[in-house]
Amino acid sequence: MLNPHSPALSQSPSFQPFSWHNAEVPPSRKKVLAEYAQDVGTGVATLLSLIEYSEIEAVDERPLLSEVDRGTLLRLAITASKMLARVAEEDIDVANTVKPL
């Protein structure tokens, strides 16, 4: 068994957080907002697609999703969209308060 304090073990982290950008892209607020938009936009589109599919593929005139599940997914899509809008609004506010040199 390896000693965790052994100098032979690498000190580099074993986990790298996921990013849509290449590692060479420098960190910025724009980068964070773009990644939030990618994740939230895709998630909301998926939720709405599930709801539509449920209505189209109804079995015996009953949708695949119950009214409760449909409502839950709609509220999740609304909340996620509002969250993304709030993050964008904060980013816009920060950009608008920066004084030119």
Segment Leu33-Ser19, length gained on full extension (0.36 nm per residue, minus Cα span):
3.9 nm
When Lys and Arg each count +1 and Asp and Glu each count -1, what net charge do the other residues less than 13 Å away from Ala45, Cβ to Cβ, add up to?
-2
Rounded to a whole number, what % of the accessible area of the range 61-101 do carbon and sulfur atoms account for, probe 1.4 Å?
62
Would you mind working out the accessible area per residue for the range 37-84, using a 1.4 Å probe, and quoting it in Å²?
72
May I ask you to derive the FRET efficiency for Met83 and Arg62 from their Cβ-Cβ distance with R0 = 25 Å, giving the value to the nearest 0.05?
0.20
Net +/- balance of residues flanking Arg86 in space, Cβ distance below 15 Å, scoring K and R +1, D and E -1
-3
If we restrict to alpha carbons, what Rg and Dmax does the range 46-101 come to, in Å?
18.5, 67
In whole Å, what three semi-axes, largest first, describe the equivalent ellipsoid of the range 16-74 built from its Cα gyration tensor (square root of 5 times each eigenvalue)?
36, 10, 8
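The values are calculated or read from the model by the stated rules, or taken from the named source; none is laboratory data. Keep in mind it's a predicted model, so treat the numbers as computed, not measured. Positions of Cβ are backbone-derived with ideal geometry, glycine not excepted, and every protein chain shown enters the neighbour counts. Note: accessible area is taken over every heavy atom of the protein model, side chains too, but ligands, DNA and RNA are not part of it. Shrake-Rupley method; radii C 1.70, N 1.55, O 1.52, S 1.80 Å.
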